[in-house]
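Novice: For reference, the structure I am asking about is given below.
The values are calculated or read from the model by the stated rules, or taken from the named source; none is laboratory data. Keep in mind that what you see is a predicted model, and the values were worked out from it rather than measured. Here the Cβ positions follow ideal geometry from the backbone for every residue, glycine too, while neighbour counts run over all protein chains shown. In case anyone asks, the SASA skips ligands and DNA or RNA and just uses the protein heavy atoms, side chains included. Shrake-Rupley method; radii C 1.70, N 1.55, O 1.52, S 1.80 Å.
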Amino acid sequence: MSQPIILNLKTVLQMLPTRTPESHKGSYGKVLAVCGSSPYRGAAVLSVMGALRTGAGLVTLAAPECVVSAAAARVPEAIFLPDAAQERILEEVSRSEVCLLGCGLSADADTAQLAKKALDASMGVVVLDAGALCSLADDISAITAFAQSQPLIVTPHPGEMARLCRCSVEDIEKERTSCALDFALSTGAITVLKGHETLIACPDGTLYENLTGNAGLARGGSGDILAGMIAGLAAQGMSAEHAAAAGVFLHGLSADRCAARLSMQGMLPSDILTDLCNIFLEKEQKT
C-alpha cells in the first residue's frame, strides 16, 4: 500500500497557477456548474463561489429558475442558464474545461441520466459530487468508462463512499486508505474521501493525506465549497490530481484560519472564503 504524501503549504503553493499581466478571463478556464435544486439553492451558490474565489475565469450555473435567482443575488460575477433544456446544458458541458455536477441535486434516475449524458459530452475534467455521484452508485461502469480516457474527480463523504462501495459507513471508516485507493484503482477516478484527514487517492496509486481542517467544517455547505474550489483550480490548467489535492488542503487551511477568527462553533462555510483570499494574497506578496 502506498505511503501517503502529507500535503503542506509550500508544496501546494507550488502547484497553483500564476496569473500573468497579459491574461484575460479566457485564460483561466470555464466551469459549468450543474448544481442546486429548490431545497438546496445554497449548494449552488456555495459551489459557484468556491470556483470563482479560486480564480476560474468564467463560471456558469445551470439550474432551475429559483436557484438562479438566489445565486444571482449573491454572486453577480457568474453566468446563468435558468431552466435550460438538457441539450443546451450538454452543449455548454462540451465547451467547458470543467463540469461540476451534483451539488444540491437529488440522487435519482433523472440525475443519473443527466450525469451519464454529461460524461458523454464532456471534453474536459468532470467533478462529481453529492447527488450526481450517488445517482451513479448503481452504474459504476459509467464512472469507469469516462475515467479511462478523461480526468474524473469524485468527492464522496463516508456515507456516499459506502453507497458507491456497497458496504457500511463503519467499513469505510475502518479502512479509509484501502477503500479510497481501491476505488481509484478500479475506476480510474481521482477519489477525494472526505472526513477527518481527507484522503486523495489517484489511479496510479499515489495517495495524498491532508491534515488541515477542523470541526467547524461539520456543517452543510462545506463540501459544496470544496467541490467548487477543486473545479475552479482544474479549470486553470492544473492537473486533476493537483487540483484535488490543492483544493482539499486550501479548504482545510482556510477553515483553520477562519476558526481562529470566528471560532469553530460560530464559523460558516462561506466565511472561509475570506481566509482563502488571504492565503492567495500572501502568496502574491511573496512573488
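Novice: Past the 22 Å Cα-Cα mark, which pairs from K174/K194; K116/K174; K30/K117?
Specialist: The pairs that break the limit, which is 22 Å between Cα atoms, are K116/K174.
Novice: Using the Karplus curve 6.51 cos²θ - 1.76 cosθ + 1.60 with θ = phi - 60°, what ³J(HN,Hα) values do you get for each residue of the range 111-121, in whole Hz, with x for Gly and Pro?
Specialist: Calculated HN-Hα couplings, in order: 5, 4, 4, 5, 4, 5, 5, 5, 4, 5, 7 Hz.
Novice: I want to verify the translational diffusion coefficient of the range 106-230 in µm²/s; compute it with Stokes-Einstein, Rh as the Kirkwood radius over Cα pairs, at 10 °C and 1.306 mPa s.
Specialist: 109 µm²/s
Novice: Using a 1.4 Å probe on the protein chains only, how many percent of the accessible area of the range 186-263 belongs to carbon and sulfur?
Specialist: 53 percent
Novice: Using 7 Å Cα-to-Cβ label points, what is the L9/D120 separation (nm, one decimal)?
Specialist: 4.8 nm
Novice: With a cut-off of 8 Å between alpha carbons and a minimum separation of six or more residues, what is the relative contact order of the range 72-189 in percent?
Specialist: Answer for the range 72-189 is 22 percent.
Novice: Provide the FRET efficiency to the nearest 0.05 for the S106-C277 pair, computing r from the beta carbons and using R0 = 41 Å.
Specialist: Using R0 = 41 Å, I get an efficiency of 0.80.
Novice: Compute the accessible area per residue over the chain, keeping the other protein chains in place, probe 1.4 Å, unit Å².
Specialist: 42 Å²
Novice: Follow-up. Taking the alpha carbon gyration tensor of the range 209-278, what are the square roots of 5 times its eigenvalues, largest first, to the nearest whole Å?
Specialist: Over the Cα atoms of the range 209-278, the ellipsoid semi-axes are 21, 11, 10 Å.
Novice: To continue, here is another question. How big, on average over all directions, is the shadow cast by the Cα convex hull of the range 1-100, in nm²?
Specialist: 9.1 nm²
Novice: May I ask you to list the lysines whose Cα is less than 25 Å away from that of K25, ignoring any residue fewer than eight positions away on the same chain?
Specialist: K283, K286
Novice: Could you pull out which residues in the range 180-222 have an amide N less than 14 Å from a spot 7 Å beyond the Cα of A260, following the Cα-Cβ vector?
Specialist: The answer is 212-214.
Novice: Check which residues have an amide H placed less than 5 Å from L100's amide H, if you skip close sequence neighbours.
Specialist: Long-range HN contacts for L100: L32, A33, V34, V127.
Novice: Using a probe of 1.4 angstrom, how much of the accessible area of the range 23-137 is carbon and sulfur, in percent?
Specialist: 52 percent
Novice: Note down, for the range 1-55, the three equivalent ellipsoid semi-axes (square root of 5 times each alpha carbon gyration tensor eigenvalue), biggest first, whole angstrom.
Specialist: Equivalent ellipsoid of the range 1-55: 27, 22, 9 Å, largest first.
Novice: When the distances between all Cα atoms of the chain are binned every 10 Å from zero, what whole-number percent does each bin get?
Specialist: 7, 32, 39, 20, 2, 0
Novice: So, one more: Using the Karplus curve 6.51 cos²θ - 1.76 cosθ + 1.60 with θ = phi - 60°, work out ³J(HN,Hα) for each residue of the range 125-130 in order, rounded to whole Hz, and write x for Gly and Pro.
Specialist: These are the phi-based 3J(HN,Hα) values: 8, 10, 10, 9, 9, 6 Hz.
Novice: If you don't mind, there's one more thing I want to ask. Okay, helix-only estimate at 222 nm for the chain: each DSSP H run of n ≥ 4 adds -39500 (n - 2.57), divide by all residues, round to 500 deg cm²/dmol; what do you get?
Specialist: For the chain, the value works out to -15500 deg cm²/dmol.
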